[in-house]
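Take a look at the structure set out below.
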Amino acid sequence: MRFTSEQRLDDGVLEREFTLGEIPGILWTPASAPSPAPLILMGHPGGLHMMYPRLVARARHAAAEGFAAATIELPGSGDRPRVPATEQARADLRRALEAGEPVDDEIVDRLVLPLVDKAVPEWRVTLDALLALPEIGGPVGYSGGVIAIGVRLAVVEPRILAAGLFAGSFVPRAMFEEARQVTIPLHVLLQWDDEGNDRQMALDLFDAFGSKEKTLEANMGGHTGVPRFAGEAANKFFTRHLK
């Protein structure tokens, strides 16, 4: 892991951009927290620079509770090399949504399954590097989307002890069996009127999760209309399970 920039935000949070091989990312550490600090991995749909305002807001809220937070760029997104098959699947998805047509399972599989297969190992390598830093410890949580990535991580990564998942992206049917293997505590956020999400699929996925403790928080509004108190509820969830 190589840090490429560093700045102190006005609330004292230290923000450092890094690269890990070809993977770019950002680490935020709170001004005052137990050392080493517990860690939240922040997922997002790709485009690190475009997503930065929302990511830094989430990181600051996490830091206020004493958590370090980190994120990485997804394969094929942002400044990373494009993946032609993924670009074609994304274009097919966009075309179906704009036409008001049902999204075919085959499109979802082509878009999401290769992304999960590539992104999850990168998240695990990143977690190795983060936990090697003296200021970062455990326990570890995962927060955000793409929800299919969160599902796979919850199954294969034993260091993640709780997950706050954003139900704002399509999920391949094949991953419902993986969802049944998830046993860690879950807090799932669903925007009821999310224009780019299949609400019934999100509800079915929540039903499939095997966790004994799982909470679904559904709020009215579109994809970007998440109310502030929903973020506060997620922070309380992580404080309960990671501290």
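Readers should treat all values here as calculations from the given coordinates under stated rules, not as data from a laboratory. Quantities reported herein were computed from a predicted structural model and do not represent experimental measurements. All Cβ positions, even for glycine, are placed from backbone atoms using ideal geometry, and neighbour counts span all protein chains on display.
Brief remarks follow.
- Against the main long axis of the alpha-carbon atoms of the chain, helix 199-208 sits at an angle near 70°.
- Whole-Å distance, taken between Cα centres, linking the range 65-82 and the range 10-56: 8 Å
- Dividing the mean sequence gap of close Cα pairs (under 8 Å, 6+ apart) by how many residues the range 170-243 holds gives a relative contact order of 37 percent.
- Peptides ranked, highest mean first, by Cβ atoms within 10 Å: ranges 45-52, 78-85, 146-153: 146-153, 45-52, 78-85
- Pairs beyond 26 Å (Cα-Cα), from Lys212/Lys236; Lys214/Lys236; Lys118/Lys212: Lys118/Lys212
- Over the range 94-190, Cα pairs under 8 Å with separation of 6+ residues give a relative contact order of 26 percent.
- Against the chain, whose longest principal axis comes from its Cα atoms, helix 48-64 is set at around 50 degrees.
- Mean separation of Cα pairs under 8 Å and 6 or more residues apart, divided by the residue count, gives the chain a relative contact order of 16 percent.
- Taking GluC sites (Glu not before Pro) across the range 147-239, the ones in a DSSP loop with at most 10 further Cβ atoms lying within 10 angstrom of their Cβ are Glu195.
- Inter-label distance for Asp117 and Glu87, nm, one decimal - labels placed 7 Å from Cα along Cα-to-Cβ: 2.0 nm
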